[in-house]
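> Okay, handing you the structure first.
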Amino acid sequence: MNELIEIAGLTKAYDSKHVAVNNITLSLPRGKIIGLLGPNGSGKTTLIKMMNGLLSPTHGNIRINGQLVGTDTKAHVAYLPDRTYLSGGQRISAVLDYFCDFYLDFQREKALSMLQSLNIDPDMKLKTLSKGTREKVQLILVMSRDADLYVLDEPIAGVDPAARDYILRTIINNYNPGSTVLLSTHLIGDIESVLDEVIFMRYGHLVLYTSVDNIREQHGKSVDAYFREVFAC
Amino acid sequence: MAWDLEADRPIYAQLVERIQMQIVSGQYPPGTRLPSVRELAATAAVNPNTMQKAFAELERGGLILTQRTNGRSVTDDEELIRQVRSGLAKEYLDLFFLRMQELGYTRGETIELLKESAGVEQ
């Protein structure tokens with residue numbers, strides 16, 4: 001009950017040949033920013049979808065705050081998916097209304113002030129925004145919730161380096177000791193100084209779960225360099 | 001602006017050095033209040049827990065004091081700051097002599113070069 005996330009014997013097989021997540025057991029604490037890292041097809045998104053109740057495990061289970069993933073846990077998990085689910089014709093302000101209705105912990109004022117700091121007009125329709133701006137809006141929506149767990153699937157993939165810095169700063173500024181941020185990415189070098197811990201996945205297996213400074217201390221190299229070594233093709 | 005960090009060493013150790021440097025160089029004078037962990041973490045673009053760990057390390061060494069009501073401040077023990085400063089100076093000198101040795105200069109030759117170089121600049 002002390003750990004925020006408890007994953008036990010978790011397996012997801014799409015069919016007998018395609019096991020996306022293979023028998024993962026892992027506990028993740030509160031108050032950390034954790035990177036979920038692995039090459040394409042290593043099972044990161046499948047794992048994330050199971051944390052959000054969008055896919056059901058074939059075996060095993062996930063508990064968040066001691067509760068099995070379900071309607072109750074969704075109220076405490078803020079999720080940024082790898083693809084958008086918002087329709088382009090909506091104005092940002094309408095999406096804010098939508099989030100207020102949907103999530104009790106959504107802080108509209110916080111979202112508005114973040115939009116303002118980026119000079120994004122809430123009257124704009126989503127489809128008129130650039131890809132990078134749309135990604136920023138979605139991150140703002142997710143980070144404006146007062147959740148226990150923030151799960152961000154590739155939050156920095158499509159944005160320019162300056163926007164990337166803004167996103168990382170947003171994550172740091174919203175950090176609070178009671179909640180954990182789990183984020184998946186390929187762009188390790190850009191974010192490793194923001195991370196406490198990293199999870200390496202390969203072919204659905206858990207390869208490594210340790211702290212960033214442990215890797216640097218033990219191997220004398222960055223997580224980025226170590227990742228390239230472990231996953232060399 | 002995010003701080004430049006080296007890739008091959010623990011981040012918290014680099015944060016400790018960086019803040020130490022800011023203290024001994026007088027950027028944070030003795031007795032001044034330091035920014036909060038969160039502010040400094042955001043400035044440096046590093047994880048707040050890592051910044052916290054660096055602060056804890058500096059507290060152990062006495063350079064930083066925590067007042068329960070008033071956040072953290074730089075020590076007003078100027079003698080301690082001087083000691084840390086000369087400790088750092090010694091480290092840089094040792095490293096310098098090591099590098100020169102790797103280039104094939106004896107200690108004596110290195111000192112001669114140093115004098116020459118300093119003379120030119122005057």
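The values are calculated or read from the model by the stated rules, or taken from the named source; none is laboratory data. Here the structure is a predicted model, which means the values were calculated and not measured. Ideal geometry is used to build each Cβ from the backbone, glycine not excepted, and the neighbour counts take in all protein chains shown. Please note that ligands, DNA and RNA were not included when accessible areas were found on the heavy atoms of the full protein model with its side chains. Shrake-Rupley method; radii C 1.70, N 1.55, O 1.52, S 1.80 Å.
> For the range B:2-52, how many residues are under 21 Å from A:ALA162 (Cβ atoms) and among the small types (Gly, Ala, Ser)?
The qualifying residues number 5.
> Considering only the range A:78-144, give the helices (runs of 4 or more DSSP H) lying wholly within it that have at least 1 residues that are acidic (Asp, Glu) and either open to solvent by 70 Å² or more (accessible area, probe 1.4 Å) or touching a Lys or Arg at 6+ places or on another chain (Cβ under 9 Å) (or both).
A:92-102, A:108-117
> Right, here's the next one. Quick check on the range A:155-186: of everything there that is among the β-branched types (Val, Ile, Thr) and more than 11 Å from A:MET143 (Cα to Cα), which residue is surrounded by the most Cβ atoms within 10 Å (Cβ to Cβ)? Break it down stepwise before answering.
Just the residues of the range A:155-186 that are among the β-branched types (Val, Ile, Thr), to begin with: A:156, A:159, A:167, A:170-172, A:180-181, A:185.
Next cut, more than 11 Å from A:MET143 (Cα to Cα) only: A:156, A:159, A:180, A:185.
Details: A:ILE156: 23, A:VAL159: 20, A:THR180: 25, A:THR185: 21.
Of everything passing the filter in the range A:155-186, A:THR180 is surrounded by the most Cβ atoms within 10 Å (Cβ to Cβ).
> Mind counting the residues in the range B:67-108 that are among the charged types (D, E, K, R) and open to solvent by less than 100 Å² (accessible area, probe 1.4 Å)?
4
> Another one. When only residues in the range A:9-21 that are assigned to a strand (DSSP E or B) and open to solvent by 50 Å² or more (accessible area, probe 1.4 Å) count, which is nearest to A:ASN214 (Cα to Cα)?
Here the answer is A:VAL19.
> Among the residues of the range A:201-233, how many are within 16 Å of B:TYR12 (Cα to Cα), under 23 Å from the mean Cα position of the chain (by Cα) and crowded, with 17+ Cβ neighbours inside 10 Å?
So the count comes out to 6.
> Evaluate the following for A:ILE215: is it within 28 Å of A:GLY9 (Cα to Cα), at the interface with chain B (Cβ under 10 Å from one of its Cβ atoms) and touching a Leu at 6+ places or on another chain (Cβ under 9 Å)?
yes
> So in the range A:188-212, with the set limited to residues that are part of a loop (DSSP other than H, G, I, E, B) and within 14 Å of chain B (Cβ to nearest Cβ), which one is farthest from A:LEU28 (Cα to Cα)?
Here the answer is A:LEU195.
> Turning to a different aspect of this structure: Hey, among A:SER113, A:SER144, A:SER117, which residue is in contact (Cβ under 8 Å) with a residue 12 or more places away in the chain and over 15 Å from A:ARG83 (Cα atoms)?
On inspection, the qualifying residue turns out to be A:SER144.
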